[in-house]
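The values are calculated or read from the model by the stated rules, or taken from the named source; none is laboratory data. Predicted model, so just to flag it, every value in this text is computed and none were measured. Cβ atoms come from the backbone with ideal geometry, glycine included; neighbour counts cover every protein chain shown.
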Amino acid sequence: MKNFINDFIDQNEIITSFLDKTGRRYENSDKNLVLFKDFLIQTKYNAALGNDLANFLQCLNDEENFSDFQLRDISRLYDSLLKLQEFNIDSYLDAGHFEFAIMDNKQKAIQTIKKGLDKGTQKIEELKRLLKTIENEV
């Protein structure tokens, strides 16, 4: 099991390194599209790359790179990420901003942001309870 854990940690490091070097350089989205797609396939579409993929797709400028998908596909991508990682606050933030600023869908943006606030509040309360428990043990 130790090797399995180490492999998982190594994979996380590979993803972090890729995002630091390539994946979050949205100004070069068109240039790095093939690299990003290849890396997603290599990592078996790791959900940790989902928000970056959605952000990356929004920054494409070359019509050849975005002619085979619609903005609603990015919206669907965010929806799937929110289902998969329901407590990832970044997903709610990015999805809410996308729905408001890009899709001009104020209602969905509000709904997404409110749900994100609810999930964030739940986790904050859990953290407070845990902190209180730990402090009471000392």
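Residues that are among the aliphatic types (A, V, I, L, M) and over 14 Å from the mean Cα position of the chain (by Cα) within the stretch 34-48 comprise Val34, Leu35, Ile41, listed in sequence order. Would it be correct to say that Glu86 is free of Cβ contacts under 8 Å to residues at least 24 places away in the same chain and on the phi < 0 side of the Ramachandran plot? No, not satisfied.
For the residues Ile124, Ile113, the requirement of being of a type in the set (A, V, I, L, M), without any contact (Cβ under 8 Å) to a residue 24 or more places away in the chain and within 18 Å of Ile74 (Cα to Cα) singles out Ile113.
Condition check: charged (D, E, K, R), exposed (fewer than 14 other Cβ atoms within 10 Å of the Cβ) and farther than 30 Å from Asn28 by Cβ. Does Glu86 satisfy that? Taking the combined requirement at face value, the residue satisfies it.
For (1) among the acidic types (Asp, Glu); (2) farther than 22 Å from Ala48 by Cα, each residue gets a yes or a no:
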| site | (1), (2) |
| --- | --- |
| Glu86 | yes, no |
| Glu99 | yes, no |
| Ile102 | no, yes |
| Gln107 | no, yes |
| Gln111 | no, yes |
| Gly116 | no, no |
| Gly120 | no, no |
| Glu126 | yes, yes |
| Leu131 | no, yes |
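Being in a helix (DSSP H, G or I), under 14 Å from the mean Cα position of the chain (by Cα), surrounded by fewer than 16 Cβ atoms within 10 Å (Cβ to Cβ) and modelled with pLDDT of 90 or more is a property that does not hold for Ala54. Under the condition of being outside any loop (DSSP other than H, G, I, E, B) and surrounded by 15 or more Cβ atoms within 10 Å (Cβ to Cβ), the residues counted in the stretch 36-47 number 4. Of Asp52, Asp10, Asp38, Asp30, all but one fail to be in contact with a helix residue (DSSP H, G or I) (Cβ under 6 Å, 6 or more places away or on another chain) and over 30 Å from Gln122 (Cβ atoms); the exception is Asp30.
Could you tell me whether Glu125 is loosely packed, with under 13 Cβ neighbours inside 10 Å, outside the structural domain of Asn51 (by TED's automatic domain parsing), acidic (Asp, Glu) and modelled with pLDDT under 95? It is false that Glu125 is loosely packed, with under 13 Cβ neighbours inside 10 Å, outside the structural domain of Asn51 (by TED's automatic domain parsing), acidic (Asp, Glu) and modelled with pLDDT under 95.
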